[in-house]
Amino acid sequence: KIRVKHKLSYEEVDKRFKCLASNELDLLLSRLFLFSLNQRDANPNKDLYRKLENFLDFEPHHESLKTDYSPSSNIVHETMVLANYGVTELVSILDIPYVFRELYVPDNDFISRQIEKIQTLDEKIINNETYINNLRSCYSKATYTNKKVYHKGLGLNGYSHSSSPLRRYTDAHCQYLLHEFLFNQKMDDINIQKWEYRTNELIKYVNYKKEEN
């Protein structure tokens, strides 16, 4: 069970960082922020991928755009990535059906050069939907798979979409699998085979819909 001691918004956390005190909450937030900075510094490839992804799938209010100056966004972004990575390690040990994320992107030097070029382009070109769609198809080929594979964009040995069930159905399916196998402990062969079939069908459907869209 998760017991929520403090209900805080991004804005409230950032405001606290302007005048940190020695109370329990501020000490916890400080440690989390330092942890998030360490996570970020340890994997520069991930930060480069974030910049490219934000350009290709631009949402003006997306929190990952704020990680360069917002402590709260850093904390949430890094812990989210860590959770989505960590769960792939766990399910691989348990050998249970799961939905993994696979992504191919070019090497870092290529991405850096492309970001520099993109930033010099006229806004009319950058805002052209056809141009953006062409960039998406060239730079990142993301799919779902039933095997743990290397996520090149994040530089991690495995990744999943597990932390945002309100935004993506794959996350909801993954959380259902965790509940079924970890909490309900339904680890018999028949149940595993049933969910293996359902998970494979889901993966095929979601990949098909992505291509169709």
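The values are calculated or read from the model by the stated rules, or taken from the named source; none is laboratory data. All values derive from a computational prediction rather than experimental measurement. For neighbour counting, all protein chains shown are included, and Cβ atoms are generated from backbone atoms with ideal geometry for every residue, glycine included. Areas reflect the complete protein model, heavy atoms only, side chains present, ligands, DNA and RNA absent. Shrake-Rupley method; radii C 1.70, N 1.55, O 1.52, S 1.80 Å.
Against the conditions (1) over 15 Å from ARG101 (Cβ atoms); (2) touching a residue at least 12 places away in the same chain (Cβ under 8 Å), GLY153 satisfies every one except (1).
Of the candidates VAL87, VAL76, VAL81, the single residue that is part of a helix (DSSP H, G or I), at pLDDT 95 or above, in contact with a helix residue (DSSP H, G or I) (Cβ under 8 Å, 6 or more places away or on another chain) and not acidic (Asp, Glu) is VAL87.
Filtering the stretch 1-24 down to residues that are hydrophobic (A, V, I, L, M, F, W, C) and part of a helix (DSSP H, G or I), which residue is surrounded by the fewest Cβ atoms within 10 Å (Cβ to Cβ)? Only one residue fits best here, namely PHE17. The test for being at pLDDT below 75 and more than 25 Å from LYS152 (Cα to Cα) holds for HIS61. Of everything in the stretch 140-166 that is open to solvent by 20 Å² or more (accessible area, probe 1.4 Å) and in a strand (DSSP E or B), the residue that is modelled with the lowest pLDDT is LYS141. Hey, could you check the stretch 186-205 for residues that are in a helix (DSSP H, G or I) and of a type in the set (Asp, Glu) and say which is farthest from VAL91 (Cα to Cα)? Residue satisfying both the conditions and the ranking: GLU201.
Restricting the stretch 97-115 to residues that are modelled with pLDDT under 95 and among the aliphatic types (A, V, I, L, M), the residue that is most open to solvent (accessible area, probe 1.4 Å) is ILE115.
Residues that are touching a helix residue (DSSP H, G or I) at 6+ places or on another chain (Cβ under 7 Å) and outside any helix (DSSP H, G or I) are absent from the stretch 167-185.
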